[in-house]
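The values are calculated or read from the model by the stated rules, or taken from the named source; none is laboratory data. Everything numeric here is computed off the predicted structure, so don't read it as measured data. Please note: Cβ atoms are built from the backbone with ideal geometry, for glycine as well, and neighbour counts cover all protein chains shown. Ligands, DNA and RNA are excluded from the accessible area calculation, which covers all protein heavy atoms including side chains. Shrake-Rupley method; radii C 1.70, N 1.55, O 1.52, S 1.80 Å.
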Amino acid sequence: MINITSVIGTSLLNFESDFPEDRESLMSVRSLLQKQADATDRTNFLPGHITASAALIRQTDNKVLLIESTKFSRLLFPGGHCELGELPHHAAQRELGEECAINRVGIPGTTGRAPAPLHIDVHKVHARPAKDEPEHLHFDFCFHFSWSGDGEVPRADPTEAKSLAWVSLDELHDLFPIVATKLHRRLRTGAHL
């Protein structure tokens, strides 16, 4: 059985190596890993749990896939909760398949090492009394995926997304400047499959 905490810890070390300027901001994530046996367990509300998302770049034109969320009525990266025992990068890949019908993707720059997230966003989730969920935090691990576009036709799952949008890196910068800057850096360093 995979030790999820150990693999996530290694992913964090690789993330720090890629983005040393974020080292200090990772203290809350490290604290989460120390306090919870499985930090991806969506029933952990104190302080919260890890979720996963995907910054998918299409190799043919370097455009990035976003979904127009049915729940939030705005453009977001595909993503969601981890399943029981699922690593965050596997969850992000699964969510791409479920929300966008894209399954044949890869994570650039992972040869011989645990995948490093492109970005980690910690944000508050409001209480949902109907689901018996108190206010808590999501520690969203956003992974950079690469897709050739061959053999698959992306389509939005209407229960998750109103539509799909392919945006340029400049457009992404207007929507998600931190993620766009990090993606630019990864691409400049040759992070393609």
Extension reserve of the R188-V7 stretch, reckoned as 0.36 nm per residue once the Cα distance is removed: 62.5 nm
Can you give me the C-alpha center-to-center distance between region 166-191 and region 1-58, rounded to a whole angstrom? 21
Counting other Cβ atoms within 10 Å of each Cβ, which chymotrypsin sites (Phe, Trp or Tyr not before Pro) in region 10-74 have at most 14 and sit in a DSSP loop? F72
Could you list the trypsin sites (Lys or Arg not before Pro) in region 93-193 that lie in coil according to DSSP, counting only those with at most 13 other Cβ atoms within 10 Å of their Cβ? R104, R113, R155
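Work out the length of the dipole vector of region 102-162 about its Cα centre, built from +1 on the beta-carbon of each Lys and Arg and -1 on the beta-carbon of each Asp and Glu, and round it to the nearest 20 debye. Don't jump to the answer; show the numbers that get you there.
Numbers: 7 positive and 9 negative charges, 19 e Å.
So the dipole magnitude of region 102-162 works out to roughly 100 debye.
Accessible area per residue of the chain at 1.4 Å probe, in Å²? Kindly include the intermediate steps, with their values, before the conclusion.
Values: 9760 Å² over 193 residues.
That works out to 51 Å² for each residue.
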Mind checking which aspartates and glutamates have their Cα closer than 19 Å to the Cα of K63? Skip sequence neighbours fewer than 8 apart in that chain. E95, E99, D150, E152, D170, E171, D174
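Could you tell me whether region 75-165 comes out rounded, prolate or oblate from its Cα gyration tensor? Rule is a ≥ b ≥ c as square roots of the eigenvalues, rounded for a/c under 1.5, then prolate if a/b exceeds b/c, otherwise oblate.
Working: a/c = 2.24, a/b = 1.32, b/c = 1.69.
Judged from the Cα gyration tensor, region 75-165 comes out oblate (a/c at least 1.5, b/c at or above a/b).
Using the Cα centre of the chain as the reference point, and only Cβ charges (+1 on K/R, -1 on D/E), how large is the resulting charge dipole? Debye, rounded to the nearest 20. Please list the in-between numbers first.
Numbers: 20 positive and 26 negative charges, 43 e Å.
The calculation lands at about 200 debye.
In region 62-193, what percent of the accessible surface is made up of carbon and sulfur (1.4 Å probe, ligands and nucleic acids excluded)? All intermediate terms of the calculation are to be shown ahead of the outcome.
On the way: 3470 of 6640 Å².
Exposed carbon and sulfur together represent 52 percent of the surface.
Among DSSP bridges having both ends in the chain, what percentage is antiparallel? Round to the nearest 5. Working shown, then result.
On the way: 22 of 33 bridges.
Antiparallel bridges make up about 65 percent of those DSSP assigns within the chain.
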What number, in percent, do you get for the relative contact order of the chain if the mean sequence gap of Cα pairs under 8 Å and at least 6 apart is divided by its residue count? 26
Taking a ≥ b ≥ c as the square roots of the Cα gyration tensor eigenvalues, with a/c under 1.5 meaning rounded and otherwise prolate when a/b beats b/c, else oblate, which class fits region 1-108? prolate
Rounded, prolate or oblate for the chain? Axes are the square roots of the Cα gyration tensor eigenvalues, ordered a ≥ b ≥ c, and the cut-off for rounded is a/c under 1.5. oblate
Report the charge-dipole magnitude of region 55-168 in Debye, nearest 20, computed about the Cα centre from +1 at each Lys and Arg Cβ and -1 at each Asp and Glu Cβ. 240
